[in-house]
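Q: This is the structure I want to talk about, given as structure tokens.
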Amino acid sequence: MSSWFVKKRLQKTAVEEKTVRVPEGLWIKCEACKELIYRKELVNTHNVCPKCGYHFRIGVEERLENLLDSGWTELFGNLRSADPLGFVAMKSYKDQLKKLEDEGQTEDAVIVVEGAVSGHPVVAAIMNFDFLAASMGSVVGEKLRLGVERALEKQCAYIIVSCSGGARMQEGTLSLMQMAKVSAALAKLDKAGLPYLSILTDPTTGGVSASYAMLGDLNIAEPKALIGFAGPRVIEQTIKQSLPEGFQRSEFLQAHGMVDKVVNRDHLKDFITACLAWMMPSAT
């Protein structure tokens, strides 16, 4: 081996040793503007892109932290999904549920809590997209119904934060029944004069959008959230026509009277607080 080759190899090794390796996960690319964002910067913006305002999807824990005061209490956490149909496709439903539980996903696709928003007592239900795309099964429907009953008992407002791929096909008709069950329960709130605030996030689709997600006394959406029954590609293929710009997005729905207000995530708690102060002034 020539001395020249040895020398070059040693120089290369020395340079590699001095190279500072950037840890993975420090940066994230915005799905809208494609700009790189320092991940820690998103913590200060509630996971909203500081460059274009794109709202990244967030989990249940962060949603609770952003919306509710500290000190909330989980309700009905003992309910678990069963497999009444013995559903088997690429994977059995039973195995899917077991895998999720082993990963610590024990609240099914929704968590219901009792707490407060800026001091206003509320019962809140937050849907969890990480659990089978927040699909609506029997447990989701039952938790939401029980949430209504607790709000009636406490004489407080009820808030549902929706994100969902729709009804849970693994439970068939039992899943579709939840649409009517939750809608009927919400009618009790209306009769009692208690407010129901529906917050729609990306995506809110299928049977969820066709039932309780659109039944709020106020329907409030995050910017550019996909909201609709069938997806836009399915609709285009069915009607053989191109859809309008922004179809099924929050702003489009607001312009056509389906959504009352589009609110940025960093203003959402303040907006909900103002709504509760107006709708339930005696609770302050």
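Q: Determine which aspartates and glutamates satisfy two conditions relative to LYS224: a Cα distance under 17 Å, and not lying fewer than 8 residues away in the same chain.
A: GLU31, ASP202, GLU245, GLU251, ASP260, ASP266
Q: Follow-up question, since we're still on this one. Near the amide H of ALA157, under 5 Å away, which other amide H atoms are found, from residues 5 or more places off or on another chain, if H is placed in the peptide plane?
A: Result for ALA157 returns VAL123.
Q: Order by neighbour count: THR273, THR73, THR205, fewest other Cβ atoms within 10 Å first, most last.
A: THR73, THR273, THR205
Q: Using the Cβ atoms and a cut-off under 15 Å, what net charge is assigned to the surroundings of ILE160, where Lys and Arg are +1 and Asp and Glu are -1?
A: Once positives and negatives cancel, what remains is -3.
Q: Can you pick out the pairs among LYS94/LYS240; LYS98/LYS269; LYS154/LYS261; LYS34/LYS269; LYS99/LYS181; LYS29/LYS143 whose Cα atoms lie more than 32 Å from each other? Intermediate results must be reported in sequence, preceding the final value.
A: Values: LYS94/LYS240 39 Å; LYS98/LYS269 35 Å; LYS154/LYS261 27 Å; LYS34/LYS269 28 Å; LYS99/LYS181 28 Å; LYS29/LYS143 36 Å.
Violating the 32 Å Cα-Cα cut-off are LYS94/LYS240; LYS98/LYS269; LYS29/LYS143.
Q: If you average 1/r across every pair of different Cα atoms in the chain and take the reciprocal, what Kirkwood value do you get, in Å?
A: So the Kirkwood estimate lands at 20.9 Å.
Q: Here's another thing I want to ask about it. For a quick check, take a GNM of the chain with Cα springs below 10 Å and name the residue from ARG63, ARG80, ARG233 with the largest mean-square fluctuation.
A: ARG233
Q: Taking a cut-off of 12 Å between Cα atoms, list the aspartates and glutamates near LYS188, but don't count ones fewer than 8 places away on the same chain.
A: Partners within reach: GLU149, GLU153.
Q: Kindly put MET127, MET258, MET177 in sequence by how many other C-beta atoms sit within 10 Å of each C-beta, fewest to most.
A: MET177, MET258, MET127
Q: Over the chain, with a Gaussian network built from C-alpha contacts below 10 Å, which listed residue (GLU251, GLU107, GLU236) shows the highest mean-square fluctuation?
A: GLU236
Q: Oh, and also: For a label point 7 Å from the Cα of ALA277 along Cα→C-beta, name the residues of the range 103-129 whose backbone N is under 16 Å from it.
A: 117-121
Q: Kindly work out what percent of the DSSP beta bridges joining two residues of the chain are antiparallel, to the nearest 5.
A: Details: 17 of 37 bridges.
About 45 percent, rounded to the nearest 5.
Read the figures in this text as sums done on the coordinates, not as results from a lab. Everything numeric here is computed off the predicted structure, so don't read it as measured data. No Cβ is skipped: glycine too gets one built from the backbone with ideal geometry, and neighbour counts run over all protein chains shown.
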